[in-house]
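A short reminder: the numbers here are calculations on the coordinates, not readings from a lab. Values in this document were obtained by computation on a predicted structure and should not be read as measured data. Cβ: placed from backbone, ideal geometry, glycine included. Neighbour counts: every protein chain shown.
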Amino acid sequence: MTPEQVKAVPLAELPQLCDELRQELIAIIATTGGHIGVNLGVIELTVALYYSFDFPNDGLVWDIGHQIYIQKMITGRLPLLKEIRQNGGSPGYAYRPESEFERVTSSHAGASLSLALGASMANRLKGNTQMSIAVTGDGSLVEGSIQEALNHMAADKGRTLLIINDNEMALDKNFGGLHEHLKAITRNPEKSSNVFTELGLQYQGPVDGHDVIALVQLFKHYDKELDAPAVLHIKTIKGKGLESMADNSPVRIHWNFPFNTETLENTEGPKSPSHAGAFAQSLGELLEQDDKVFVITPATLQNTGIYKLSQQYPQRVIDVGMAEQHSITLGCGMALEGIKPIICFESTFLQRVYDQIIHDACISDIPILMVAARSGHTGLDHCTHHSLLDLSYLRIVPNLRVLYPADQEDLKACLKREAANLNGPTLILFPYGGTIDDPQQPLELDYQLSEQAAEKTLILSVGMQHLNAQKVRAQLQAQNINSRHIAVTCLSTMEPKLKALLQQVETIITLEENILDGGLGSFVFENIENGSKRPTILRYGFPKKYIEHGTRDWIYKKYHIDAESISLSVSQHFAQQQQG
Ligand SMILES: Cc1ncc(C[n+]2csc(CCOP(=O)(O)OP(=O)(O)O)c2C)c(N)n1
C-alpha cells in the first residue's frame, strides 16, 4: 500500500482499513518477533497522519523509531516488514537509507523534537510553510534532550507539532512526576492549565488515539490553521488487539519473540544462558551481603537482567526512567555519601553519558561502578543498537578503570572483586547473549599470568572472541606454529606482566568485537615500548563503519572475523613470511 492509496480510501472506511492492518501486523510479528505493542497502538495515528499530511514534503519524525511498522506497511514496504530481524533483511527500527519516509536512522530516545524543531526553523528561513511533526512516547518524554527542545520550542514561532503518544507505558508501566502529571490531565481534561500551557505552548488533549476519523479531522484543522508550536496529547492502548498478552505481560507486549497467534505462547526464545543472567545472579549476592550496595538503571531493567532483583529489592534497585545522564550523576551523588552505586546500562545507551562519565565521575575520581550489558555486536538488533565503539571511546578516559571479563564465570568474579575494592570510577562491560561453545581449554587471563616462557606468537582476545582465539591457536598448532593465547580483561591500563610479554614476542594476533580503530589492537600497539623490537600485529575486528544487524555467526563470516577466516589470514601471513 502507498500513501496515495491510503488517501484514496473514503474517510468512513478508515476504521476498517485500520482493523485490516492490525490483523496483518499481528500475523507478521508472530513470525518475525519485534515491537508488537507500540505498533498496534499507533495504527490509527499513522493512518490519520498519512491521510491528512503530505509526507515527505511535510516532516515526520518518530522518537526512538521502534513504532514505524505501520509506516513501512503504508509506504510500499510490506514485503520488507516481513523480513525484519533476519540476516540481510530490513531493520526493525527507523532506517534512513530504506525510504524517503524515514527521515533518520534511529533507536535511541530523545531526538525527535529537536529534529522536528530544527526542520521547522529551517523551513521558515526558506519561506516554506510545511508542518514539522514529532511523535514521542510518554516514556521518552522524560529524556533530557526532549525537555531541552520543549523549552526552546516554547520560544519559537514555527509550525511544529509535538504528538505525545501516551499509553502510560515505557518498557514497563511508566512512573514519575511527568507521568503523574499526564494522568492528572487525563483525569481532569477541563482544567485549562498544565505544564505545556504554562510553558506558553498550545495544548490539545487528551484525545482518543484510536478514533481515526476524529484524528483526521484534527490533523486537517492543524494543517490549515496551525501558526505556532503545539502539543497534541493522545491516549492509546499499547498492544491494542492483543489485550490478553498486554495484560499478562507489559514487557512481552513491548517486544516479543515470535509467538503462536492462538495460544500466544512464544515459539522462540533465548538460545543459551546469557551473560546478563550470570551478572544478575552475582549482583543478587552483592545486594544480599552488603546493604551499602544500591543499583540504578535508566529504564533498562530487562536487558541488563535485573528485572527480578528490582522486584526483590524495590528500595535498592532504582529505575530512574529514560534519563541516562541523570543516572550516572545520581550515582555520583550517592557515592559522595558512602553508598556503593552500581549503575546498570545497556551499553548502546552509555554513549549518551560520555560527559557525565568524564566530567561528573572521572575528573572528581568518584567511586561508582558502572556495568554495561550488550557491549559489542547485538545480533538481530538494529545497527544503532550495537556497541562496537566501546573499547575505543571508553578505555582512553583518565581515571576510568575499564574491564571486560572473559566469560560468565569471570564476570561474576569481576563484579564481586570490583564492588569490594571500589575506590574510583569503574566500568565492567559484557557482551550480548551467551556462550554457545564452551572454551576448549581453561582460559589464561591477563591478571593471572604465570611466568611461562614466551612463545614467539601471542594471541590476544577480548570477550567472546576467546572462542575463536582458541580455534585459531589449534589451527596454528596443526601447522607446527606454537602460540600462547591470553584473554585480555583490563582495557584501561595493561596488566604489567602482559605488557612485559609484548616486548618479547615476534607476532601478536588480536581478536575483538569492536571497530579496529582504537580497540584492542590499538591498545596493544600503544603498549609496545619505545626501543622494543616492534612485533608484527595482526588485528581482527570490525571496520570503522556502522555494522548491520545479523546473527553473530553470519556477521562474523561477513566481516571475516570468524575462526576460519582469521586462521586462513594468519596462515597466509606465516606462509609469506617463510617465503620472504
Ligand atoms: C536513550 C534510550 N534509552 C533507553 C531506550 C530503551 N527503550 C526502548 S523503548 C523504551 C520505552 C519507551 O517508552 P515510550 O517512549 O513511552 O514508548 P512506548 O511505550 O510507546 O513503546 C525504552 C526504555 C532507548 N531506546 N533509548
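Return one quarter of the surface area of the convex hull spanned by the alpha-carbon atoms of the range 3-254, equal to its mean projected area, in nm².
On the way: hull surface 52.0 nm².
Mean orientational projected area (the range 3-254, Cα hull): 13.0 nm².
Rounded to the nearest 500, what is the chain's calculated 222 nm mean residue ellipticity when only DSSP H runs of at least 4 contribute -39500 (n - 2.57) each, over all residues?
Values: 24 runs with 222 residues, N = 580.
Using -39500 (n - 2.57) per qualifying helix, the result is -11000 deg cm²/dmol.
Which pairs in the list 308/416; 340/544; 7/240 are over 26 Å apart, alpha-carbon to alpha-carbon?
Values: 308/416 19 Å; 340/544 36 Å; 7/240 24 Å.
Check vs 26 Å cut-off fails for 340/544.
Using C-alpha positions alone, give me the convex hull volume of the range 75-167 per residue in cubic angstrom.
Values: hull volume 10.8 nm³, N = 93.
It is 116 Å³ per residue.
Short version: ³J(HN,Hα) in whole Hz for each residue of the range 549-566, in order, from phi by Karplus 6.51 cos²θ - 1.76 cosθ + 1.60 (θ = phi - 60°), x for Gly and Pro, what are they?
Per residue, the Karplus-derived 3J(HN,Hα) values read 7, x, 5, 4, 4, 5, 5, 4, 5, 4, 9, 6, 10, 8, 4, 5, 4, 5 Hz.
Output the 0 to 90 degree angle, nearest 10, between the alpha-carbon long axis of helix 112-125 and the longest principal axis computed from the alpha carbons of the chain.
That works out to roughly 60 degrees.
Do any GluC sites (Glu not before Pro) in the range 229-289 lie in a loop, going by DSSP, with at most 14 other beta-carbon atoms within 10 Å of their beta carbon, and if so which?
Values: sites: 243, 262, 265, 268, 285, 288; in loops: 262, 265, 268.
Answer by residue number: 262, 265, 268.
Using amide H atoms built 1.01 Å from N in the peptide plane, name the residues 5+ places from residue 387, or on other chains, whose amide H lies under 5 Å from its own.
Those lying under 5 Å, H to H, from residue 387 are 376, 377, 378.
Checking a compactness column here: for the range 446-579, what do you get for Rg(Cα) / (2.2 N^0.38 Å), N being the number of residues? Show your work: numbers first, answer last.
Numbers: Rg = 14.4 Å, N = 134, 2.2 N^0.38 = 14.1 Å.
Working it through for the range 446-579, the quotient is 1.02.
Would you mind counting up the charge near residue 562? Only other residues with Cβ under 10 Å from its Cβ, with Lys and Arg at +1 and Asp and Glu at -1. List each step's numbers first, then the result.
Values: positive: 471, 552, 557, 558; negative: 553, 564.
Summing Lys/Arg as +1 and Asp/Glu as -1 gives +2.
How many angstrom lie between the Cα centre of the range 50-101 and the Cα centre of the range 181-223?
Going from one Cα centre to the other spans 26 Å.
After finding the eigenvalues of the alpha carbon gyration tensor for the range 65-122, what semi-axes result from the square roots of 5 times each, listed largest first in whole Å? Could the numbers behind the result be given before it?
Numbers: eigenvalues 106, 29, 16 Å².
They are 23, 12, 9 Å, listed largest first.
With +1 on each Lys and Arg Cβ and -1 on each Asp and Glu Cβ, and nothing else charged, work out how big the dipole of the range 446-579 is about its Cα centre, in Debye to the nearest 20. Numbers along the way, then the final one.
Working: 14 positive and 14 negative charges, 44 e Å.
The dipole of the range 446-579 has a size of about 220 debye.
What are the equivalent ellipsoid semi-axes of the range 335-411, built from the alpha-carbon gyration tensor (square roots of five times its eigenvalues), in whole angstrom, biggest first?
Details: eigenvalues 103, 44, 28 Å².
The three semi-axes for the range 335-411 are 23, 15, 12 Å.
Kindly express, to the nearest 10 degrees and within the range 0 to 90, the angle between helix 465-478's C-alpha long axis and the longest C-alpha principal axis of the chain.
40 degrees
Among 64, 543, 295, whose Cα projects farthest towards the positive end of the dipole of the chain, with charges put on the beta-carbon of Lys, Arg (+1) and Asp, Glu (-1)?
Toward the positive end, the furthest listed residue is 543.
What dipole magnitude, in Debye to the nearest 20, does the chain give about its Cα centre under +1 on Lys/Arg Cβ and -1 on Asp/Glu Cβ? Intermediate values should be presented prior to the final figure.
On the way: 48 positive and 67 negative charges, 205 e Å.
With Lys and Arg at +1 and Asp and Glu at -1, about 980 debye.
With point charges of +1 on the Cβ of Lys and Arg and -1 on the Cβ of Asp and Glu, referenced to the Cα centre of the chain, which listed residue (394, 283, 577) lies farthest in the positive direction of the dipole?
Result: 577.
What's the Kirkwood radius of the chain in Å, using all Cα pairs? Let's see the in-between values first.
Working: mean 1/r = 0.0390 Å⁻¹.
Kirkwood hydrodynamic radius for the chain: 25.7 Å.
What lysines sit close enough to residue 191 to cross-link, taking a C-alpha to C-alpha distance under 27 Å and skipping anything fewer than 8 places away on the same chain?
Cross-link targets: 157, 173, 183, 220, 224, 235, 238.
Express the relative contact order of the chain as a whole percentage, based on alpha carbon pairs under 8 Å and six or more residues apart in sequence.
Numbers: 1134 pairs, mean separation 67.2, N = 580.
This gives 12 percent for the chain.
Once the Cα atoms of the range 215-369 are picked out, what are the Rg and Dmax in Å?
Cα radius of gyration and Dmax of the range 215-369 are 20.6, 63 Å respectively.
Put +1 on the Cβ of each Lys and Arg and -1 on the Cβ of each Asp and Glu in the chain; which of 516, 237, 97 then has its Cα farthest toward the positive end of the dipole?
Towards the positive end, the residue furthest out is 516.
Fewest to most neighbouring Cβ within 10 Å: what's the order for 330, 11? Don't skip to the end; give the middle numbers.
Details: 330 21, 11 11.
Lowest count first: 11, 330.
Assign one of three labels to the range 280-436, namely rounded, prolate or oblate, based on the Cα gyration tensor with a ≥ b ≥ c the square roots of its eigenvalues; rounded applies when a/c is under 1.5, prolate when it is not and a/b is larger than b/c, and oblate otherwise.
Numbers: a/c = 1.33, a/b = 1.11, b/c = 1.20.
It is rounded, given that a/c, with a ≥ b ≥ c, falls under 1.5.
So what's the net charge close to residue 445: Lys and Arg +1, Asp and Glu -1, counting the other residues with Cβ under 14 Å from its Cβ? Walk me through the numbers on the way to the answer.
Working: positive: 412, 417, 484, 497; negative: 407, 409, 410, 444, 446, 495.
Here the count lands on -2.
Rounding to the nearest 10 and keeping the result within 0 to 90°, find how far the Cα-based axis of helix 144-153 lies from the longest principal axis of the chain.
40 degrees
Work through the residues other than residue 165 whose Cβ is under 13 Å from its Cβ and net out their charges, Lys, Arg +1 and Asp, Glu -1. List each step's numbers first, then the result.
Values: positive: 235, 238, 240; negative: 44, 63, 138, 166, 168, 208.
Charge balance near residue 165 sits at -3.
With charges set only on the Cβ (+1 for Lys and Arg, -1 for Asp and Glu), what does the dipole of the range 280-436 come to about its Cα centre, in debye to the nearest 20? Can you show the working numbers first?
Numbers: 11 positive and 17 negative charges, 13 e Å.
Result for the range 280-436 is approximately 60 debye, rounded to the nearest 20.
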